[in-house]
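The values are calculated or read from the model by the stated rules, or taken from the named source; none is laboratory data. Predicted model only: the values in this text are computed from it and were never measured. Cβ atoms come from the backbone with ideal geometry, glycine included; neighbour counts cover every protein chain shown.
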Amino acid sequence: MIQKIKAMDRGILFMLLASLSFAFMGGFAKVVSQMLPPVEVTFFRNIFGVVLVGLSIWKIPLKQRGGKPFLLLFRGSMGFLALLAYFYIMAHIPLGEAVTYNKTSPIFVAIFAYIFLHEKLSKYALVAIVLGFIGIVFVAQPQGGTFDRYDILGIFSGIGAALAYTSIRELRKYYDTRAIVMSFMGVGTIAPLLLMLLTPYVEVSQEFEWMFAKFVMPQGVEWGYVTAVGVFATISQLLMTKAYELTKAGIVGTISYSNIVFALIIGIILGDPIPNIWTIFGILLVITSGLLVTLVKEKG
């Protein structure tokens with residue numbers, strides 16, 4: 001019993017540290033995304049992970065049966081697009097709001113698991129989903145009843161992440177965890193390179209300009225910023241993985257919402273305005289929604 005409590009305490013500590021590390025990554029990404037194109041920041045965020053996971057696969061070969069290459073590619077593509085949208089909006093809206101949009105993913109996971117995996121939706125899960133959508137409206141505070149492009153891309157970052165997470169549930173039956181992670185980081189490294197190479201030769205509408213940009217060679221302190229993004233992203237992934245090993249998923253998922261609080265604080269330090277009462281109310285509704293979805297799943 002004492003050992004279980006100690007393991008739980010360590011799991012909670014690891015998740016808190018993972019959330020703090022994730023918030024620091026967001027802070028550095030916010031700063032550098034105002035200097036370098038978000039698609040380039042996405043590239044640097046993933047290249048560190050590719051190297052580390054690649055070394056792990058080289059030392060200990062993958063053990064898997066495979067057979068779902070298109071689903072693996074889908075997982076990587078959705079994860080990449082969600083991350084790119086996330087980095088893009090960071091440069092334009094407060095960090096706490098950007099993280100809140102990203103943390104709407106559990107709401108959409110519940111919906112997609114119902115549609116694609118035929119998982120049941122209890123009445124509590126439905127209530128959670130409704131609360132989550134109300135929270136999104138309060139965070140976005142649409143003018144004239146319409147969401148602006150940053151709100152739309154923020155919501156998309158949550159939807160894209162949810163599609164990626166939902167696909168993982170199926171992929172785990174066929175692939176080593178490292179292969180699934182590599183699908184995300186591999187696409188997240190190659191796709192930005194291709195988009196940056198294509199940029200001089202294509203004309204895109206304003207709706208898609210967030211995906212295209214010319215490569216800009218980082219200068220001076222910018223190298224430190226992009227390195228910090230990659231390092232803190234990798235650290236947060238490792239700490240989160242360890243947390244899930246030590247503690248129940250429901251508890252870890254609950255603690256993970258602390259990254260919104262950390263992001264709000266870091267964002268304000270970086271110059272973000274203090275959120276108004278309606279934004280705070282919306283953030284609390286999104287957190288409540290995510291916690292309800294997590295707890296319902298845990299009980300189920």
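Structure above, values below:
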item	result
Answer from A113, A82 - the residue that is within 19 Å of V293 (Cβ to Cβ) and crowded, with 21+ Cβ neighbours inside 10 Å	A82
Filter result (aliphatic (A, V, I, L, M) and crowded, with 20+ Cβ neighbours inside 10 Å) within the stretch 132-148	I136, V139, A140
Where P275 falls short, out of the listed (1) surrounded by fewer than 20 Cβ atoms within 10 Å (Cβ to Cβ); (2) part of a helix (DSSP H, G or I); (3) not polar (S, T, N, Q)	(2)
Count of the stretch 169-195 residues which are among the aliphatic types (A, V, I, L, M) and modelled with pLDDT under 95	6
Filter result for L52 (hydrophobic (A, V, I, L, M, F, W, C), outside any helix (DSSP H, G or I) and modelled with pLDDT under 95)	no
Residue list for the stretch 18-46, restricted to those being in contact (Cβ under 8 Å) with a residue 60 or more places away in the chain and either surrounded by fewer than 17 Cβ atoms within 10 Å (Cβ to Cβ) or not in a helix (DSSP H, G or I) (or both)	M35, L36, P37
Residue list for the stretch 85-108, filter: under 20 Å from V293 (Cβ atoms), within 13 Å of the chain's Cα centre (by Cα) and aliphatic (A, V, I, L, M)	V99
Residue within the stretch 196-217 that is in a helix (DSSP H, G or I), polar (S, T, N, Q), surrounded by 12 or more Cβ atoms within 10 Å (Cβ to Cβ) and at pLDDT below 90 present	no
